[in-house]
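The values are calculated or read from the model by the stated rules, or taken from the named source; none is laboratory data. Predicted model, so just to flag it, every value in this text is computed and none were measured. Heads up, the Cβs are rebuilt from the backbone with ideal geometry, glycines too, and the neighbour counts pull from every protein chain shown.
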Amino acid sequence: MTVLVFLDPAHDDGRIVDATQPQLMATDLGATRGDGLFESLLAVDGTPRKLDAHLRRLASSAAALDLSVPDADAWRRAISTGLREFAAAEPNRTTAAVKLLATRGVEGASQATAWVQVTPVPAATLAQREAGLRVLLLERGYDSTVAQRAPWLLIGAKTLSYAVNMAAVRYAKAHGADDVIFTSSDGKVLEGPTSTVLLAHDRDGQKTLVTPQLESGILPGTSQSALFDAAQEQGWELGYGPLEPHHLYEADAVWLISSIRLLAPVVSLDGQELRTSPALTTELSDLVERFV
Ligand SMILES: Cc1ncc(COP(=O)(O)O)c(C=O)c1O
């Protein structure tokens, strides 16, 4: 079941359309050039999680793309419409994946095309959370300082141009793994194609949670940020890279975290088993469950 709600100035709360029918113009720059942005977030019991953070990142992606998108209130209203419609169609589901999408619109026009999509969370996504991930380290081909030097690469924006990220995941699957951690050409750990990297140390009860530094050319994760705040309140120390692959092999646990799959343990890296910690995974997953 997919619910689609288009943001439309003529419909305050958004315009629900039939997801089984074509809705985009073939000349939409989102389709012809991948020129646009998106956000993915989780809704639980009809309430979107971390919505302010997602809307803030959407605005920052729009600024990076120099793209004029509907304001936050218009997105909120369309999301509410979508979640209401989804709950009516799927009353037994407690969770939903919500995507916000905006493109530069049809060629020659000046208005963005923007819509909200609500779908069930795929069972395979939930299964990975439980089973853990076999991960390959793959080169991204950029060095870790390129984001500042080359803003036109849109590193740090959540653009629709995710074909490379999806190709990396397919490459991993074709080589016996589930997911990917990208590395920079100067050997730094970056991020997953759709997730942020986390590692933990537990030294005599002092627990430390570490993630790659944002300045290394990665998307700022809303889940990592919310988890860092929650973990700090529980007495965890926090750290920000630079990280290199040996830090992953030396950690007490490594995870990939993102808004829909949430916290998924990494069980192996390039075929080598990693240390895992069910206790730390449970502790951090409990914090993740409480995100609002
Ligand atoms: C490249 C990339 N990094 C990190 C993340 C994690 O971000 P969030 O926690 O906000 O979902 C995502 C999410 O899809 C992503 O695409």
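Quick check on ARG104: is it under 28 Å from LEU29 (Cβ atoms), more than 18 Å from the chain's Cα centre (by Cα), assigned by TED's automatic domain parsing to the domain that holds GLY30 and crowded, with 22+ Cβ neighbours inside 10 Å? Considered against the rule, which asks whether it is under 28 Å from LEU29 (Cβ atoms), more than 18 Å from the chain's Cα centre (by Cα), assigned by TED's automatic domain parsing to the domain that holds GLY30 and crowded, with 22+ Cβ neighbours inside 10 Å, ARG104 comes out as yes. For the residues ALA177, ALA172, the requirement of being more than 10 Å from the ligand (Cβ to nearest atom), in the same structural domain as LEU262 (by TED's automatic domain parsing) and touching a residue at least 40 places away in the same chain (Cβ under 8 Å) singles out ALA177.
Residue pairs whose Cβ atoms lie under 6 Å apart, separated by 6 or more positions or on different chains, with the first residue in segment 217-237 and more than 29 Å from GLY141 (Cα to Cα) and modelled with pLDDT under 95 and the second within 8 Å of the ligand (Cβ to nearest atom) and not acidic (Asp, Glu), do not occur. The numbered conditions (1) away from the ligand (no atom under 12 Å from the Cβ); (2) outside any helix (DSSP H, G or I); (3) among the aliphatic types (A, V, I, L, M); (4) in contact with a Pro (Cβ under 8 Å, 6 or more places away or on another chain) are all true for ALA64 except (2). Only strands (runs of 3 or more DSSP E) whose full extent lies in segment 218-292 are considered here, and the ones with at least 2 residues that are within 15 Å of the ligand (Cβ to nearest atom) are 253-258, 262-269. Taking segment 258-275, which residues are surrounded by fewer than 19 Cβ atoms within 10 Å (Cβ to Cβ) and farther than 14 Å from ALA172 by Cβ? Within segment 258-275, GLN272, GLU273, ARG275 meet the criteria. Would you check if LEU67 is touching a strand residue (DSSP E or B) at 6+ places or on another chain (Cβ under 6 Å) and either buried (at least 19 other Cβ atoms within 10 Å of the Cβ) or among the aromatic types (Phe, Trp, Tyr) (or both)? For LEU67, the condition - touching a strand residue (DSSP E or B) at 6+ places or on another chain (Cβ under 6 Å) and either buried (at least 19 other Cβ atoms within 10 Å of the Cβ) or among the aromatic types (Phe, Trp, Tyr) (or both) - is not met.
Residue pairs whose Cβ atoms lie under 9 Å apart, sitting 6 or more positions apart in sequence or on different chains, and linking a residue in segment 201-213 that is charged (D, E, K, R) to a partner that is part of a strand (DSSP E or B) and surrounded by 10 or more Cβ atoms within 10 Å (Cβ to Cβ), are ASP202/THR208; ASP202/ALA253; LYS207/ALA200; LYS207/HIS201; LYS207/GLU237. Restricting attention to segment 38-61, the residues that are within 11 Å of the ligand (Cβ to nearest atom) and part of a strand (DSSP E or B) total 5. Residues in segment 113-151 that are in a helix (DSSP H, G or I) and of a type in the set (S, T, N, Q) were compared, and the one that is farthest from VAL189 (Cα to Cα) is THR125. Here the condition is being of a type in the set (A, V, I, L, M, F, W, C) and under 17 Å from the mean Cα position of the chain (by Cα); of ALA114, ALA109, ALA127, ALA168, it holds for ALA168 alone.
Please verify whether GLU85 is touching a strand residue (DSSP E or B) at 6+ places or on another chain (Cβ under 7 Å) and charged (D, E, K, R), treating the condition exactly as stated. Please lay out each step first, then the result.
Numbers: touching a strand residue (DSSP E or B) at 6+ places or on another chain (Cβ under 7 Å): yes; charged (D, E, K, R): yes.
When the stated conditions are applied, GLU85 passes them.
Can you say whether LEU24 is part of a strand (DSSP E or B) and under 12 Å from ALA102 (Cα atoms), as far as the supplied structure shows? When the stated conditions are applied, LEU24 does not pass them.
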